[in-house]
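S.K.: Here's a structure for you.
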Amino acid sequence: MTSLRTKVLSLLTVPAILFGSSACTPLTDTGTGANAGVGTGGGNSSSSVQEAAAGSALEQLDTLPAKGRAPKTGYDRDQFGPSWADVDRNGCDTRNDILARDLTAIVYKDGTKECVVASGTFADPYTGTVISFVRGNETSTAVQIDHIVALSDAWQKGAQQLSAEERRQLANDPLNLMAADGPANGAKSDSDAATWLPANKAFRCEYVARQVAVKARYELWVTQAERDAIAGVLESCPDQPVPDGSRSAAAAVANPPAAEAGNAPVYANCAAVKAAGAAPIRPGDAGWDPKFDGDGDGEGCTS
């Protein structure tokens, strides 16, 4: 079993120019049926995980088998181990490792030995917006951790044949994890590239390259529709490199419109506005949204 690469926990500077364009828990569906006759993506008897091949993502895509989706019978999140295990044994769970990799201006919760991320700034590659993250019962969902290859999608495309430990690695692999805007992550659910791509078009090459890299590493397959969708994206970036998951997606994207808007924060709700010390918030203030002014008096989040 190929070991995970060390997670990068150093702070990354938000690029001068931002993007263009379950915890992630995939939504369940009602797939049924037997799994007889469904093959794996070319795995071998010694290990079901291999290092991603050198070269472009388009070249690597050619190495992935294309076949039909297997039934979802037997899928459960628990098949991939406990959520956010500390697989690298650095004392921090995977969720906080990814937040630390993908956010900037991070403040850690006191008494956690710089492990639990209490707040930070997140440049979301899915939407091209900047989000002020504040840890809390009503605010944490503004920034979620997405499995780039959703676990239920992986289950239906070869992960059923992986060992329990290999599935645990897949669920916690930094290559397959990325902080993401909560609503965008929810809209994606367990879709593959044939049915969902980020609204931020500038990130699509990086996004599908990471999906290909994950599926190659864990010897998963793609459907023909999925292969066609990925190839269609990579046609515009045929030299897109194979990623390794060591850096945040924000560092890989250029030409984002959010920079033109002054990197204004995006608040999910009034609880986030108040947690950031921005209440009351008014038209013209950074992060203003008319939804905050429920009574129409020109001030939001006053109660």
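S.K.: Which residues' amide hydrogens lie under 5 Å from the amide hydrogen of Ala105, considering only partners 5 or more residues apart or on another chain, with H built in the peptide plane?
M.R.: Thr121
S.K.: On to the next question. Rounded to whole Hz and in sequence order, give me ³J(HN,Hα) for segment 215-229 from the Karplus expression 6.51 cos²θ - 1.76 cosθ + 1.60, θ = phi - 60°, writing x for Gly and Pro.
M.R.: Computed from phi, the couplings for segment 215-229 are 5, 5, 4, 9, 6, 8, 10, 10, 7, 5, 5, 5, 4, 4, 5 Hz.
S.K.: Here's something else I'd like to know. For each pair in Lys72/Lys188; Lys109/Lys201; Lys157/Lys188; Lys113/Lys201; Lys109/Lys215; Lys113/Lys215, compute the distance between the two Cα atoms and list the pairs where it is over 26 Å.
M.R.: Among Lys72/Lys188; Lys109/Lys201; Lys157/Lys188; Lys113/Lys201; Lys109/Lys215; Lys113/Lys215, the Cα-Cα distance tops 26 Å for Lys109/Lys201; Lys113/Lys201; Lys109/Lys215; Lys113/Lys215.
S.K.: Show me, for segment 180-187, the HN-Hα J-couplings you get by feeding each phi into the Karplus relation (A = 6.51, B = -1.76, C = 1.60, θ = phi - 60°), rounded to Hz, glycine and proline as x.
M.R.: 8, 4, x, x, 5, 5, x, 5
S.K.: Let me ask you something else. At 0.36 nm per residue, and after removing the present C-alpha to C-alpha distance, how many nm does the segment from Trp196 to Ser303 gain when stretched out fully?
M.R.: Going from the current span to full extension adds 34.7 nm.
S.K.: Where both partners of a DSSP beta bridge lie in segment 57-276, what percent of those bridges are antiparallel, to the nearest 5?
M.R.: Just about 80 percent of them are antiparallel.
S.K.: Something else: ³J(HN,Hα) across segment 113-118 via Karplus (A = 6.51, B = -1.76, C = 1.60, θ = phi - 60°), whole Hz, x for Gly/Pro?
M.R.: Result, rounded to whole Hz: 6, 6, 10, 8, 6, 8.
S.K.: Moving on to the next point. Please give the FRET efficiency for Ser246 paired with Ala118, using the beta carbon to beta carbon distance and R0 = 35 Å, rounded to the nearest 0.05.
M.R.: The calculated FRET efficiency here is 0.90.
S.K.: If a/c stays under 1.5 just call it rounded; otherwise compare a/b with b/c (prolate if a/b is bigger, oblate if not). Do that for segment 57-276, with a ≥ b ≥ c from the square roots of the Cα gyration tensor eigenvalues.
M.R.: oblate
S.K.: When the label point is put 7 Å from the Cα of Asp239 along its Cα-to-beta-carbon vector, which residues of segment 57-82 have a backbone N closer than 19 Å?
M.R.: 57-61
S.K.: Here's another thing I want to ask about it. Between Thr63 and Arg89, 0.36 nm times their residue separation minus their Cα-Cα distance comes to what?
M.R.: Roughly 6.1 nm would be gained on extension.
S.K.: Sticking with the crude label model, points 7 Å out along Cα→Cβ, report the distance from Asp110 to Thr73 in nm, one decimal please.
M.R.: It works out to 5.6 nm between the two label points.
Bear in mind these aren't lab numbers, they're just calculated from the coordinates by the rules spelled out. Note that this is a predicted model, so its numbers are computed, not measured. Please note: Cβ atoms are built from the backbone with ideal geometry, for glycine as well, and neighbour counts cover all protein chains shown.
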